[in-house]
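Visitor: Attaching a single structure in structure tokens format; questions to follow.
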Amino acid sequence: MTFICDVMLGRLSRYLRILGLDSPCSKGPGSPETLEHTEGPPYFFTKRLKGPPYERTVHIKSDRIMEQLAEIRHIIAPYISSHIAMSRCIECNVLLAAAVREDIEHHVPEYVYHHHKDFKQCPSCKRVYWGGSHTEKMKKWIDEITTAHGKTPVSSCEGRTEGR
């Protein structure tokens, strides 16, 4: 399922990507029908009260990210899975690929390179991700969301990543 966020909800889009959800961010007030999607009609999250009519438009009221997520929890819950969490580039929305450690040496801090073995990289923007210090905080946040809906917690999954 695709969850399109309008330009005013870029941060929400990033959080949806952390959850592993396909969440492109429209660059303007365009209609969801004009954006690429593969799994049926997408949801369109917006703060705009006016705009072209679209059946799956959800008007987000809050300016706070956790409240925004609470507003759409009932919509995204069926699509959240611990197996897809932290699998997308939070910048590009592209699925991450395993990276050859030697190939990313010059793209990460020296300490990170010498203390981590597993890396992922965005095939589009080349951003590198690894399991690091804030991964645990992200796992706890994702666990709260997934366990609230009877899903497998992320902390039981291996190989999650952190971005740089």
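Visitor: Of all alpha-carbon pairs in region 33-103, indicate the percentage at a distance above 17 angstrom.
Guide: 62 percent
Visitor: While we're looking at this one, here's another question. In region 1-20, whose amide N lies under 18 Å from the spot 7 Å out along Cα-to-Cβ of Lys61? List them in ranges.
Guide: Correct set: none at all.
Visitor: With +1 on each Lys and Arg Cβ and -1 on each Asp and Glu Cβ, and nothing else charged, work out how big the dipole of region 4-127 is about its Cα centre, in Debye to the nearest 20.
Guide: Details: 17 positive and 15 negative charges, 79 e Å.
In total the dipole reaches around 380 debye.
Visitor: What part of the accessible area of region 19-144, given as a whole %, is carbon or sulfur when the probe is 1.4 angstrom?
Guide: 54 percent
Visitor: Counting heavy atoms of the protein chains only and a 1.4 Å probe, report the per residue accessible area for region 57-143 as a whole number of Å².
Guide: Here the per-residue accessible area is 59 Å².
Visitor: With label points built 7 Å along Cα→Cβ from the Cα atoms of Tyr54 and Asp118, find their separation and express it in nm.
Guide: Inter-label distance under the simple model: 3.5 nm.
Visitor: Of the cross-linked pairs Lys27/Lys61; Lys117/Lys140; Lys27/Lys50; Lys117/Lys137; Lys61/Lys126, which ones have a Cα-Cα span greater than 27 Å in the structure shown?
Guide: Lys61/Lys126
Visitor: By per-residue mean of other Cβ atoms within 10 Å, what is the highest-first order of 49-59, 17-27, 104-114?
Guide: My ranking of the peptides, most packed first, is 17-27, 104-114, 49-59.
Visitor: In terms of solvent-accessible area of protein heavy atoms at a 1.4 angstrom probe, what is the ranking of Arg64, Arg127, Arg73, highest value first?
Guide: Greatest to least solvent exposure: Arg64, Arg73, Arg127.
Visitor: Here's something else I'd like to know. If we count every other residue with Cβ under 9 angstrom of Ala99's Cβ, Lys/Arg +1 and Asp/Glu -1, where does the sum land?
Guide: Its environment carries a net charge of 0.
The values are calculated or read from the model by the stated rules, or taken from the named source; none is laboratory data. Computed from a predicted structure; not experimentally measured. Virtual Cβ from ideal backbone geometry, glycine too; neighbours counted across all protein chains shown. To get the accessible areas, we keep the full protein, side chains included, count just its heavy atoms, and leave off ligands, DNA and RNA. Shrake-Rupley method; radii C 1.70, N 1.55, O 1.52, S 1.80 Å.
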